[in-house]
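**Q** The structure's right below; bear with me while I get my questions together.
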Amino acid sequence: MKFFVDTANLDQIAEAQDLGILDGVTTNPSLMAKEGISGEANVLKHYKDICNLVEGDVSAEVISTDFESMIKEGEALAQIDDKIVVKVPMIKEGVKAIRWFSDQGIKTNCTLVFSAGQAILAAKAGATYLSPFIGRVDDINWDGMELIEQISSIYTIQGFDTEILAASIRNPLHIVKAAEAGADVCTCPLNSILGLLNHPLTDIGLAKFLADHKKSGN
Ligand code: E4P
């Protein structure tokens, strides 16, 4: 499973890259706004800065909701760097745009996915990645992980190439469960990735090893 970090914060992206386990980055308009990035030139520059920090794919989301504007915006984003993946919402115009980008060889990430039916449409349109939002499904008392399992099963049976990118990850257990459910990629906040490190027995064991080493006079 690939690991993406889900942030537009350059320090966090650099920290995740430094760990040596990072395969890419996802952003969205809310994450860009959180970093105070606004205005077309600043947005494009920020995406370029992210691309310069990482090796893998960088998802950059369109703001437009009609086909023509999505194409124009997505083309400008794709020109920033080969790493850019154009992120497109799961709406009717978005499906048409994904088909168009796919035919041009431009990578896409279909976002705001909450059902298996939407997952089928995105795959048929040729999406590179599909982003089911696990945490937001859990928030309304449904089971986000069941959605990943269902999509994974459908994609396997049907032979779809679209990669399942588990999104809206809220904690380390979501990452483990998404891996188990068949996600190809997990995009996670940095603290969820770092949370995977934690186990009290590791801390206790390391403290004992170091104490014993000191006692032995080394
Ligand atoms: C990533 O691609 C999504 O935009 C993001 O994971 C959404 O996460 P949230 O539900 O925590 O906002």
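**Q** Output the residues belonging to segment 159-172 that are open to solvent by 50 Å² or more (accessible area, probe 1.4 Å), within 15 Å of the ligand (Cβ to nearest atom) and more than 15 Å from Thr26 (Cβ to Cβ).
**A** Answer for segment 159-172, where residues must be open to solvent by 50 Å² or more (accessible area, probe 1.4 Å), within 15 Å of the ligand (Cβ to nearest atom) and more than 15 Å from Thr26 (Cβ to Cβ): just Asn171.
**Q** Could you list, in sequence order, the residues of segment 1-13 that are within 10 Å of the ligand (Cβ to nearest atom) and of a type outside the set (Val, Ile, Thr)?
**A** Of everything in segment 1-13, those that are within 10 Å of the ligand (Cβ to nearest atom) and of a type outside the set (Val, Ile, Thr) turn out to be Phe4, Asp6.
**Q** Within segment 33-52, restricting attention to residues that are within 16 Å of the ligand (Cβ to nearest atom) and charged (D, E, K, R), which residue is most open to solvent (accessible area, probe 1.4 Å)?
**A** Top of the filtered list is Lys34.
**Q** Are any residues in segment 127-158 away from the ligand (no atom under 14 Å from the Cβ), closer than 21 Å to Gly94 by Cβ and surrounded by 19 or more Cβ atoms within 10 Å (Cβ to Cβ), and if so, which ones?
**A** Listed by number, the residues that qualify are Ile151, Tyr155.
**Q** Since Glu55 meets every condition but one in (1) more than 24 Å from Ala122 (Cα to Cα); (2) open to solvent by 70 Å² or more (accessible area, probe 1.4 Å); (3) not in a loop (DSSP other than H, G, I, E, B), which condition does it not meet?
**A** (3)
**Q** Same structure again: Can you tell me which residue in segment 180-194 is nearest to Val137 (Cα to Cα), limited to those that are away from the ligand (no atom under 15 Å from the Cβ) and open to solvent by 50 Å² or more (accessible area, probe 1.4 Å)?
**A** In this case the residue turns out to be Glu180.
**Q** Mind checking which residues of segment 115-128 are hydroxyl-bearing (Ser, Thr, Tyr) and under 13 Å from Asp161 (Cβ atoms)?
**A** Passing the criteria: only Thr128.
**Q** Here's another thing I want to ask about it. Under 6 Å by Cβ, and 6 or more places apart or on different chains, what pairs join a residue from segment 95-114 that is farther than 14 Å from Leu165 by Cβ and modelled with pLDDT under 95 with one that is within 14 Å of the ligand (Cβ to nearest atom) and open to solvent by 30 Å² or more (accessible area, probe 1.4 Å)?
**A** Here the result reads none, with nothing in segment 95-114 linked to a residue that is within 14 Å of the ligand (Cβ to nearest atom) and open to solvent by 30 Å² or more (accessible area, probe 1.4 Å).
**Q** Determine, yes or no, whether Ala60 is within 17 Å of Tyr129 (Cβ to Cβ), under 18 Å from the mean Cα position of the chain (by Cα) and among the small types (Gly, Ala, Ser).
**A** The answer is yes for Ala60.
**Q** Continuing with the same structure: Every residue in segment 65-107 that is assigned to a strand (DSSP E or B) and either farther than 20 Å from Asp49 by Cα or in contact with a Pro (Cβ under 6 Å, 6 or more places away or on another chain) (or both), please.
**A** Those that are assigned to a strand (DSSP E or B) and either farther than 20 Å from Asp49 by Cα or in contact with a Pro (Cβ under 6 Å, 6 or more places away or on another chain) (or both): Val88, Pro89.
**Q** Give the residues of segment 72-99 that are among the β-branched types (Val, Ile, Thr) and either at positive phi or in contact with a Lys or Arg (Cβ under 9 Å, 6 or more places away or on another chain) (or both), sorted by residue number.
**A** The answer is Ile80, Ile84, Val85, Val86, Val95.
**Q** Take the residues of segment 14-32 that are within 14 Å of the ligand (Cβ to nearest atom) and in a helix (DSSP H, G or I): which is surrounded by the fewest Cβ atoms within 10 Å (Cβ to Cβ)?
**A** That would be Ser30.
The values are calculated or read from the model by the stated rules, or taken from the named source; none is laboratory data. Bear in mind that the values here come from a model prediction, so they are computed numbers and not experimental data. All Cβ positions, glycine included, derive from the backbone under ideal geometry; neighbour counts span all protein chains shown. Protein only, heavy atoms only, side chains kept; ligands, DNA and RNA dropped before computing areas. Shrake-Rupley method; radii C 1.70, N 1.55, O 1.52, S 1.80 Å.
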